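Visitor: Sharing a structure here in structure tokens format.
The values are calculated or read from the model by the stated rules, or taken from the named source; none is laboratory data. Owing to the predicted nature of the structure, the values given are computational and were not obtained by experimental measurement. When we count neighbours, we look across all protein chains shown, and the Cβ atoms used for this are built from the backbone with ideal geometry, even at glycine. All accessible areas refer to the heavy atoms of the entire protein, side chains included, with ligands and DNA or RNA removed. Shrake-Rupley method; radii C 1.70, N 1.55, O 1.52, S 1.80 Å.
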Amino acid sequence: MKNSSLLNKDLALSEEQFGEAVTNDFICTDFIDRLEWAMLMIQQNFNQMRLAEYLPLVTRNHFDKAYLMAGGDDALNNRVKFFRPFTDLQATPEIFPNLNIKVMTFEETIQLNKVKQLDIRTKQSLRSTLQYAYEISSAFYNKKTEAFYGFKCGYEFNKGFFALGTKVENSDKLSFTEIPNPISLHPNYTMPPNAVTLLPKEHLVDIMKLIAMSYQVAMSMYYEWSIYIKEYDNIGLIVPIEPQILSELYKTSLMKFENKKQMVHFVKEHYRRKVASPGEDYTVFINRYLRGEHRFNYRGFYAEVIPPKYDLLRARTKKKFVDASK
């Protein structure tokens, strides 16, 4: 007798059972505890939520360098703010071309999301005809099976998407010419012409907010300090931090480094006195530059401080830092 397996059998639950399985009700409000839980969770199993056999697999490596958005009274990033999407302060592909943002959130559910803008060649292979196209990878955590369930989807839309404004808040006011159009992520398959009409508007609004908010995250992270944390053989997470409390990282349970060195920091531009000859001296102008150590080890964990990209592009440095956009 031929063996067979049931797709998504772990998810064959009633709506009430599924909601209970994915509800985040066991993570406390302490930031350090959330960070340690997150580090544990991303090492657990990644299963597929198979919507179609031809869709690409979603693995844990998709979410390496995901920004951890986990608040708390003792959070290291309470002052890191994001502009609301679909306002006059909405970031766009003109500001951040080739978007590739990954985020892990601790809210009602624990989720991982990756929004990646597709390049022209990929768009052509997928027969995408609108101005922008995106690959969205997502995974939600099931506390009953202690595993993430991942899936992928593709969408395309035109430039006017970023100017929808408050219309997004009321899905009934959206026309099908304004919302993202689903596309196949496999070149040998296509979506039916009416695919967008088969999706609930609430689902499309969630997709729209996810894409728009990804640009807002990219905007804030362009100017913020952060730290990349991982176990050596696994993926890691990036935690946005306030530069004023970088020194506090040494006092946490996870990052109390045993070999303390001067932490990486910017030295402001200044003049330095040089000796020319006995009895004479002169001054030279020193541009702003980076100094200090940014890679650390602690009990099997690897940690790396990442300065803001805004500053890195303006400072001369030979140091190599983690790039969250790759």
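Visitor: Give me the accessible area per residue for segment 120-162, probe 1.4 Å, as a whole number in Å².
Guide: Roughly 43 Å² per residue, with all protein chains present.
Visitor: State, to one decimal in nm, how far the label point of Met191 lies from the label point of Phe18, with both points 7 Å from Cα in the Cβ direction.
Guide: With each label point 7 Å from Cα toward Cβ, the separation is 2.0 nm.
Visitor: What length, rounded to one decimal in nm, is gained on full extension from Asp25 through to Thr109, with 0.36 nm per residue of separation minus their alpha-carbon distance?
Guide: Extra length available between Asp25 and Thr109 comes to 29.4 nm.
Visitor: Report the accessible area of Arg314, computed with a 1.4 Å probe over the heavy atoms of all protein chains in place, in Å² rounded to the nearest 10.
Guide: For Arg314, the solvent-accessible surface is approximately 140 Å².
Visitor: Sorting Met41, Met191 by accessible area (1.4 Å probe), largest first, what list results?
Guide: Result, largest first: Met191, Met41.
Visitor: Using the basic label-point model (7 angstrom from Cα toward the beta carbon), what is the Lys209 to Lys167 distance in nanometres?
Guide: 1.9
Visitor: Next question, about the same structure. Hey, with R₀ at 56 Å, roughly what FRET efficiency would Lys201 and Arg273 work out to, going by the Cβ-Cβ distance, to 0.05?
Guide: Plugging the Cβ-Cβ distance into 1/(1 + (r/R0)^6) gives 0.25.
Visitor: Follow-up question, since we're still on this one. Taking a 32 Å limit on the Cα-Cα distance, which of the listed pairs Lys159/Lys320; Lys65/Lys318; Lys201/Lys230; Lys114/Lys319 fall beyond it?
Guide: Cα-Cα > 32 Å for Lys159/Lys320; Lys201/Lys230; rest within.
Visitor: Now for a separate question. May I ask you to rank Asp88, Asp64, Asp25 by accessible area, largest first, using a 1.4 Å probe over the protein chains only?
Guide: I get Asp88, Asp25, Asp64, largest accessible area first.
Visitor: I would also like to ask the following. On full extension of the chain, what length is gained from Tyr223 through Leu130, given 0.36 nm per residue of separation minus the C-alpha to C-alpha distance?
Guide: Contour length minus the Cα-Cα distance gives 30.4 nm.
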